[in-house]
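One structure below.
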Amino acid sequence: MMRWTASVAVLVALLAGVISLPATAADPKSTPDFGPEGVWTASCDIDRMTDLKTCRLLIYRMVDDGQSTGYLALSVIPTGNDYHLFLTSSQGLVQNCALRVDRQPRAETQIATIAMCMFPNFVGSRLLDQFKNGQTILARLNFVRAGRRDIDFTLNGFSRAFDDMVRSLQ
């Protein structure tokens, strides 16, 4: 009986230590590749497996719903002859997403999975022109269980960052 009690006490102490770890270990803002919040940032790396340059354009916003803190991010990633736009969340199973630039008609996608939606053919669609000429984006994620979340992103700096990314790919 004494061994069992001692084992439980050790287990409880270990769990208490794990639970009390600082939240910054999982904080997306502490991740260096995210860059500053609310700013369009282009970054490129050389893939160590293929030796090819991979790039992405990213903006993110921190969100707090009163129960948890997370992020929503927009990423533009080159894919062959075009680019794909991803709307990513730090939490939740996403059912579908929509984007609206300024007062333009919204773009919707059903290509969704855990924590993200994809808008394919970014350059081939009307979205690139809207992003380059617009002021703000309203992004909506519809979660399977948690309802919907709307968040605004600025388009200030998008054109310059997109052009920088395209140049660095050449």
Notebook entry, point to check: If you take just the strands (runs of 3 or more DSSP E) that sit entirely in the stretch 63-170, which of them hold at least 2 residues that are of a type in the set (V, I, T), without any contact (Cβ under 8 Å) to a residue 60 or more places away in the chain and on the phi < 0 side of the Ramachandran plot?
Noted result: 69-79, 82-101, 112-119
Notebook entry, point to check: Residue check: is C55 part of a strand (DSSP E or B), in contact (Cβ under 8 Å) with a residue 40 or more places away in the chain and farther than 23 Å from R145 by Cα?
Noted result: yes
Check: What tally of residues in the stretch 119-158 results from selecting those that are in contact with a strand residue (DSSP E or B) (Cβ under 8 Å, 6 or more places away or on another chain) and among the acidic types (D, E)?
Finding: 2
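Criterion first (within 16 Å of the chain's Cα centre (by Cα), modelled with pLDDT of 85 or more and either surrounded by fewer than 15 Cβ atoms within 10 Å (Cβ to Cβ) or β-branched (V, I, T) (or both)) does P36 satisfy it?
Values: within 16 Å of the chain's Cα centre (by Cα): yes; modelled with pLDDT of 85 or more: yes; either surrounded by fewer than 15 Cβ atoms within 10 Å (Cβ to Cβ) or β-branched (V, I, T) (or both): yes.
Spelling it out, P36 is indeed within 16 Å of the chain's Cα centre (by Cα), modelled with pLDDT of 85 or more and either surrounded by fewer than 15 Cβ atoms within 10 Å (Cβ to Cβ) or β-branched (V, I, T) (or both).
Would you mind finding the one in L141, L169, L155 that is surrounded by 16 or more Cβ atoms within 10 Å (Cβ to Cβ), out of contact with any Leu (no Cβ under 9 Å at 6 or more places or on another chain) and not hydroxyl-bearing (S, T, Y)?
Numbers: L141 fails: out of contact with any Leu (no Cβ under 9 Å at 6 or more places or on another chain); L169 fails: surrounded by 16 or more Cβ atoms within 10 Å (Cβ to Cβ).
Exactly one of L141, L169, L155 is surrounded by 16 or more Cβ atoms within 10 Å (Cβ to Cβ), out of contact with any Leu (no Cβ under 9 Å at 6 or more places or on another chain) and not hydroxyl-bearing (S, T, Y), namely L155.
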Checklist line | Residue count, the stretch 80-126 (criterion: exposed (fewer than 15 other Cβ atoms within 10 Å of the Cβ), of a type in the set (S, T, Y) and closer than 16 Å to D150 by Cα) | finding: 0
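The values are calculated or read from the model by the stated rules, or taken from the named source; none is laboratory data. Computed from a predicted model, the values in this text were never measured in an experiment. With ideal geometry, Cβ positions are generated from the backbone for all residues, glycine too; neighbour counts draw on all protein chains shown.
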